[in-house]
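Shown next, in structure tokens, is the structure this report addresses.
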Amino acid sequence: QIHLVESGGGLVQTGGSLRLSCAASGGTFASYAAAWFRQAPGKEREFVASIAWSGGSTYYTDSVKGRFTISRDNAENTVSLQMNSLKPEDTAVYYCAAGHIVVAEATRNWNYWGQGTQVTVSS
């Protein structure tokens, strides 16, 4: 059983940056793929980015390509999401997830979830 805790959310102006972090405990996090999802009010949870267990492969949804970067540190059991050039449409609760399939945009493919951290981008 893996326990995930997100941090780093907050309020930022359009064009600003935030770095989200997710700390894992309770299992062999290094053997899992990891991902970030987000959920805006009234919308379904959507895939943002994922990274293979080794960190060697990363995937992004089109709307964040070139602005967001996912990374991980298996020695520290953490995964991060660097978000630059933020837009109001990036406003959402951001969730960290862990699972066995790195190329997986559907939430059902991810086994473990954090509680989320709020990101608000003001215009």
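Quick look at the numbers
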| item | result |
| --- | --- |
| Solvent exposure of the chain as accessible area per residue, Å², 1.4 Å probe | 50 |
| Computed over the chain: relative contact order in percent, which uses C-alpha pairs under 8 Å that are six or more apart | 35 |
| Electrostatic dipole magnitude of region 1-119 [Cβ: Lys, Arg +1; Asp, Glu -1; Cα centre; debye, to 20] | 80 |
| Accessible-area order (highest first, 1.4 angstrom probe) of the listed residues 87, 43, 65 | 43, 65, 87 |
| The chain, accessible surface, carbon-and-sulfur percent (1.4 angstrom probe) | 46 |
| At q = 0.11 Å⁻¹, base-10 log of I(q)/I(0) for the chain (Debye sum, equal scatterers on each alpha carbon) | -0.31 |
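The values are calculated or read from the model by the stated rules, or taken from the named source; none is laboratory data. These numbers were taken from a predicted model, which means no experiment stands behind them. Using ideal geometry, Cβ is built from the backbone for each residue, glycine included, and neighbour counts are taken over all protein chains shown. Quick note on the areas: whole protein, heavy atoms, side chains included, nothing else; ligands and nucleic acids left out. Shrake-Rupley method; radii C 1.70, N 1.55, O 1.52, S 1.80 Å.
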